[in-house]
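Inspection log for the structure reproduced underneath, given as structure tokens.
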Amino acid sequence: MRIDELLANKRPVFSVEFFPPKTEEGMANLFEAVEALEPLRPDYVSVTYGAGGATRDGTVQIVERIKRDHGLEAMAHLSCVGETRDGLRAILDRFAEIGVENVLALRGDPPRGETSFVAPEDGLSSAAELTGFISEGHDFALGGACFPEVHPEAPDLATDLAYLKTKVDAGARFLITQLFFDNRAYFDFVAAAREIGIDVPIIPGVIPIASYGQVARICDLCDASIPDELSSSMEALGGDREAEALLGVAYAAQQCEELLAGGAPGIHFYALNRAPGTRAVLAALRASRPWERAEKGPDPRIHSRPA
């Protein structure tokens, strides 16, 4: 099913993100996570995109297997990195052949060792260009990425939002945020987006911390901040991985409760190919149903206007 249709007809929508592993052991671990989460019936899963060769093919194979063997809706990521227009058309045709209906259009990070993105010859240079390119030749439900704490390459929020609107104008029907830990960043970002006419659903991305060191490194790479209270609490655990994971679940559950009670259209979990944290938080949300216990109705700025 198309994600834009899911968001129009069902609230909240829960999704889980995986990445193509590089080893057979990693692949086995990924599908153990899929099987562990399957009974909770996430509305869809997404699979990140590795540019070129086996990693790119891995995205296709994983999406196909998840749909075929587990009956879960899937969204494939696609980036501009290292791809010509013909190459992108071939990948999109392959997605269509295996029944994929949803694509997350991304520019992608510069290749390792390079400091800036350079479009390949006869390639595309931005997520907005890729979104328009896909819209012109294929019928996918298209998503885009957004950054509550501002994209690392953007000089300020206004510039970042102006560019984000070009993605929506090019055909993005929903947006998924980069991970964040302070919900004020999300609510303020959505309000600012609505002010400039971005009216598609904006889904918050949440990561239940399993390893504080790993997540801190991820945040350094994407310029996401960790609140002082959370970092101090994690550091006080002295590297105890089990305690970090328990605190990570508790924090993510509280974060998601507040987001859903405030009108967020769903939660996108960054699972890092592991199930326990996401499974615990999602099960808790299914049981407590915070979207039904909001003291006020959903903030109209959070929801999109009907298409």
*Test: residue in region 241-256 that is part of a loop (DSSP other than H, G, I, E, B) and among the acidic types (Asp, Glu)*: no
*Enumerated helices (runs of 4 or more DSSP H) restricted to region 1-101, each holding at least 3 residues that are over 24 Å from Leu175 (Cβ atoms) and out of contact with any His (no Cβ under 6 Å at 6 or more places or on another chain)*: 24-37, 53-70, 85-97
*Determine, yes or no, whether Asp182 is in contact with a His (Cβ under 7 Å, 6 or more places away or on another chain) and over 23 Å from Glu97 (Cβ atoms).*
no
*May I ask you to say which residue of Glu35, Glu24 is open to solvent by 30 Å² or more (accessible area, probe 1.4 Å) and at pLDDT 95 or above?*
Glu35
_Residue pairs, Cβ under 6 Å, 6 or more apart or interchain, first in region 70-98 and touching a residue at least 12 places away in the same chain (Cβ under 8 Å), second open to solvent by less than 20 Å² (accessible area, probe 1.4 Å) and among the hydroxyl-bearing types (Ser, Thr, Tyr). List them._
Glu73/Tyr44; Met75/Tyr44; Met75/Ser46; Ala76/Thr59
_Pairs where the first residue, in region 241-258, is in contact (Cβ under 8 Å) with a residue 40 or more places away in the chain and the second is surrounded by fewer than 19 Cβ atoms within 10 Å (Cβ to Cβ) and not in a helix (DSSP H, G or I), C-beta under 9 Å, 6+ apart_ = Gly248/Ser211; Gln255/Asp182
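Can you confirm whether Ala280 is part of a loop (DSSP other than H, G, I, E, B) and either modelled with pLDDT of 95 or more or aromatic (Phe, Trp, Tyr) (or both)?
Values: part of a loop (DSSP other than H, G, I, E, B): no; either modelled with pLDDT of 95 or more or aromatic (Phe, Trp, Tyr) (or both): yes.
Taking the combined requirement at face value, the residue does not satisfy it.
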*Could you list, in sequence order, all residues of region 164-210 that are open to solvent by 20 Å² or more (accessible area, probe 1.4 Å) and either in contact with a helix residue (DSSP H, G or I) (Cβ under 7 Å, 6 or more places away or on another chain) or at pLDDT below 95 (or both)?*
Thr166, Ala170, Gly171, Arg173, Gln178, Ala192, Ile196, Gly197, Ala210
_Residue, modelled with the lowest pLDDT, within region 88-126, restricted to residues that are open to solvent by less than 20 Å² (accessible area, probe 1.4 Å) and over 18 Å from the mean Cα position of the chain (by Cα)_ = Gly123
*Out of (1) under 19 Å from Gly197 (Cβ atoms); (2) of a type in the set (A, V, I, L, M, F, W, C); (3) modelled with pLDDT of 95 or more, what's the single condition that is false for Ala154?*
(3)
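The values are calculated or read from the model by the stated rules, or taken from the named source; none is laboratory data. Computed from a predicted model, the values in this text were never measured in an experiment. No Cβ is skipped: glycine too gets one built from the backbone with ideal geometry, and neighbour counts run over all protein chains shown. Calculation scope for accessible area: heavy atoms of the full protein, side chains included, ligands and nucleic acids excluded. Shrake-Rupley method; radii C 1.70, N 1.55, O 1.52, S 1.80 Å.
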